[in-house]
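Here the structure comes first, spelled out in structure tokens, and everything after it is commentary.
Coordinate-derived values only; no laboratory data. All values derive from a computational prediction rather than experimental measurement. Neighbour counts run over all protein chains shown; Cβ positions are idealised from the backbone, glycine included.
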């Protein structure tokens, strides 16, 4: 082999080695960028529908506690904006603190007129429609090797709910040292709901949601009730609804799932 041929072969080998090294370097760089930064949007939601379900748990329950089960249907108008309809039913109850208040009051026989407690309405069936503002797309690195893409969003909307209220103080039927029946009310009321949440994409069509959500509605309760004249036929005994009852807010953490198609 001539010197010229040896030179050509050597030059070609160097070029191939350099090209291979450059390709490997580019691949390594791309992998590194994908792990530490959002180079591109891997999950697009614009003009796509989604269905899902949520369960909400009350934070720091006081007199009532709620477990809210919801299903949802949504449409993503754009990557940063979506519309959503949520409907569901809340499994609600009075807490042990409320039971203690009931028992303590039954022994207080020297109170001729009473004012009932606020924030006793328990939400049951509920439905809201809202707007989801989702401008932030990002990524979390779990254990430095597992990138998870997400959207941060703010949700605001309103609707209506069915509510039930059982008094802690107005006893309609005394049974010895206890009470066999408390005054109970039912109403339909408007609801305002706000949420701040994350949508974590786990595959092309699947996402897990984590939200901090509030449900707000008008409160009401009776004051100046003549305790001696309370009966099933006259449950409020001349009492009147409070004029400054205000608004009750239920604060919850929601866990949910969405199928995007």
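When each of 206, 66 is scored by the number of other beta-carbon atoms lying within 10 Å, the sequence from fewest to most is 206, 66.
For 183, 154, the sequence from fewest to most other C-beta atoms within 10 Å is 154, 183. Out of every Cα-Cα pair in region 46-260, what percent are more than 33 Å apart? Everything past 33 Å amounts to 31 percent. As a rough footprinting exposure proxy, the listed residues 114, 91, 250 were ranked by other beta carbons within 10 Å of their own, and the order from fewest upward is 91, 114, 250. Taking all Cα pairs closer than 8 Å and separated by 6 or more residues, the relative contact order of region 46-260 comes to 21 percent. Suppose R0 equals 45 Å. What FRET efficiency, 1/(1 + (r/R0)^6) with r the Cβ-Cβ distance, do residue 131 and residue 96 give to the nearest 0.05? Calculated transfer efficiency: 0.75. With the simple spin-label model, which puts each label point 7 Å out from Cα in the Cβ direction, the residue 108 to residue 251 separation comes to 2.7 nm.
Expressed as a whole number of Å, what is the distance separating the alpha-carbon centroids of region 45-63 and region 239-256? Each part reduced to its Cα centre gives a spacing of 19 Å.
Between residue 243 and residue 188, the simple spin-label model (points 7 angstrom out along Cα→Cβ) gives 2.9 nm.
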